[in-house]
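Enquirer: Take this structure, written in structure tokens, and hold onto it; I'll ask about it next.
No lab work stands behind these numbers, since they all come straight from the coordinates. This is a predicted model, so every value here is computed, not measured. Heads up, the Cβs are rebuilt from the backbone with ideal geometry, glycines too, and the neighbour counts pull from every protein chain shown.
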Amino acid sequence: MMRVWTFVTFVFMMGLQAAQEAAQAQSGSLPVCPTASKSLGSDPLLRTAFKAAYPSAVLPPETRKPKFDEPCLYPFQAILYESAVVLITLDRVPGETCHGCPARLSAVFLRRDRSGLTPVAHHDGFTESGTWGIVSAITPIRLGRDDGIVVQGGGGFQGESYSVIDPFIFRDGRAKLLGPQSGIPLEQSNCGAKVDGEPCRNVSGIWRAEPGGRLVISYQGNREDKSEVNGVVIYERRGDALVLTSGNRIAAEMDENRP
């Protein structure tokens, strides 16, 4: 089981003050999204975390349809650690916003003990990702001494598709981006924009986070000239940043071919 991350130390140091800040953040929260009941119903941990984070929240009737681009509180994912839970929420119903509109993510940090879950800190709008208000995936990680998440988002337009990942660590009740600021390209394809049989670029990556502090991405695919892409890119954590230490050529190529 993962060791509890450093924000828990913050919990014991800040205690009542953090809880008061959490309550203040809660009081100014958005109305709950119309489709929240469906999201909560299939995930007991998400349901428990959301209720603890927003005990006064009122779920709209399941028959109500979301309005396009309506700001609301959408429970997306709850991540379990040894002595804490992190609740990730969005500010729209996924898919119910404009094509160029990313999902805006917020986090509620909850202390976990025998009495249940207690909110201790909020980090509203810590990042934006994807298109149509959709986040592809949120995956828990541990890099060095800190736990965190990797947020994956992407989209497509006129036959081109892509995805990027953004690694964050949790510290003092905050989600801190390790970089790069524009994200790390993971997948790229322009095959949908090509005539049948015409060569296209189609590259995908598989990533893994190593506890020692490395983020490793293995890329495979083909370029438009039909040559093969097959290599590994390695980022190492140095302080509060990820530094590219291996695979510079493939990393540069992925950056150059962003849609």
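Enquirer: Take peptides 133-145, 198-210 and line them up by average Cβ neighbours within 10 Å, highest first, as a rough protection proxy.
Expert: 133-145, 198-210
Enquirer: How big is the Kirkwood radius of the range 81-223, worked out from every pair of different alpha carbons and given in Å to one decimal?
Expert: Values: mean 1/r = 0.0601 Å⁻¹.
About 16.6 Å, per the Kirkwood formula over Cα pairs.
Enquirer: Post the alpha-carbon centroid distance, the range 23-92 to the range 121-137, in whole angstrom.
Expert: Measuring centre to centre over Cα atoms gives 14 Å.
Enquirer: Any idea which of Gly144, Gly183, Met254 is furthest toward the positive side of the dipole for the range 7-256, if Lys and Arg beta-carbons carry +1 and Asp and Glu beta-carbons -1?
Expert: The residue sitting most towards the positive pole is Gly144.
Enquirer: Based on a Kirkwood Rh over C-alpha pairs, give the Stokes-Einstein translational diffusion coefficient of the range 55-154 at 37 °C and viscosity 0.692 mPa s in µm²/s.
Expert: Reported coefficient: 223 µm²/s.
Enquirer: Counting pairs of alpha carbon atoms under 8 Å apart in space and at least six apart in sequence, what relative contact order in percent does the range 7-256 give? Can you show the working numbers first?
Expert: Numbers: 575 pairs, mean separation 29.1, N = 250.
Relative contact order comes out at 12 percent.
Enquirer: Additional query: Mind pulling the angle between the C-alpha long axis of helix 16-27 and the longest principal axis of the chain? Nearest 10 degrees, somewhere in 0 to 90.
Expert: So the inclination is approximately 70 degrees.
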